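To start, the structure under review is shown below, and the notes come after it.
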Amino acid sequence: MSDRVSQFLGGDLLESYLMGTTSPIESQEVEYYIDKYPEVQKVYKELQENLENYAISYAVQTPKELRTKVLKQTETTRRRVVPLLSIAACTIAVVFGVVAFLIYKQNQVLLEDRQFTSNLLENLNNDIVSNREMLQSVEEQFMILNNTATQKYILTGNSVGRKLEAVAYVNQLEKKSYVHVASLPELPDEQVYQMWAQVDGKLVPLDILKLTKDNLVEIPYEERMASLNVTIEPKGGSKEATISKEVATINFNKENELQDQQ
């Protein structure tokens, strides 16, 4: 055995290490000697065995009553803790469920509000477009009706359509034609008044003649239109005129033109 090992074993570092009272540096030194020198390792094991035997010889057995009481108390505490934990977990789950439901409902309200606002804006845009188109149409009608090139003809009913009164406006330059209905006798639900344009000796079907909000109706313009005729036809109109039920006609010539409205 070397002097260095003898000097180490002569000290109390090994015993202090077993008792756990050495500093980190001292513990490293003891562990180095145990790993490096077998004689130190042998002494260390002997000291461990002596310490264990000493602890066993002076150990006091725990009374059975104390052990039973501790186990009973532990079981009672565990039973109390488990229901409390379960109640707390259920409460937290309910709270989270309520909060999640409220957030969901709030999101639904926001989505509905957004959809309502979007629909409202879309309707407003459609109204703006519709009003703009209607205004343009009214301006166009006003310009056509007051144009010096527009010819105006009065259309009155015959004995069958005695109360029929209308004014036709024809502008050959703009290729536009309108009819302003002043009075229109009522017909059975299964009949309508239909307009016809005489072109090259043939009657070409136009629109159904009816009262409107402003009583002004645009009709399809026909080139070489010589006259405007009105007949009584079945509901929905006909492709060929029923001449026997003609109630009004106006020839487009200088004699029938309303000169005072030029």
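Applying 1/(1 + (r/R0)^6) with r as the Cβ-Cβ distance of Thr212 and Ile92 and R0 = 45 angstrom yields a FRET efficiency of 0.05.
Gain on full extension, evaluated as 0.36 nm per residue between Leu121 and Met19 minus their Cα-Cα distance, stands at 28.2 nm. Here the Karplus relation 6.51 cos²θ - 1.76 cosθ + 1.60, evaluated at θ = phi - 60°, turns the backbone of the range 217-232 into coupling constants of 10, 7, 10, x, 7, 10, 5, 6, 6, 8, 7, 10, 10, 10, 10, 9 Hz, with x for every Gly and Pro. Close amide H contacts of Tyr221 (hydrogens built in the peptide plane, cut-off under 5 Å, sequence separation of 5 or more or a different chain): Ser177. In this label model, Leu187 and Lys202 are separated by 2.3 nm, measuring between points 7 Å along each Cα→Cβ vector. In order along the range 25-41, the phi-based Karplus estimate (6.51 cos²θ - 1.76 cosθ + 1.60, θ = phi - 60°) of 3J(HN,Hα) comes to 5, 5, 5, 5, 5, 4, 5, 5, 5, 5, 6, 8, 10, x, 5, 6, 4 Hz; Gly and Pro are listed as x. Note that the range 94-104 has calculated 3J(HN,Hα) couplings of 5, 4, 4, x, 5, 4, 5, 5, 5, 5, 4 Hz, one per residue in order, obtained from phi through the Karplus relation 6.51 cos²θ - 1.76 cosθ + 1.60 (θ = phi - 60°); glycine and proline are x. From least to most packed, judged by other beta carbons within 10 angstrom and beginning with the fewest, Leu14, Leu124 follow the order Leu124, Leu14.
No value in this document is a laboratory result; all are computed from the given coordinates. Small disclaimer: the values here were computed from a predicted structure and weren't measured. Note that each Cβ is placed from the backbone with ideal geometry, even for glycine, and that neighbours are counted across all protein chains shown.
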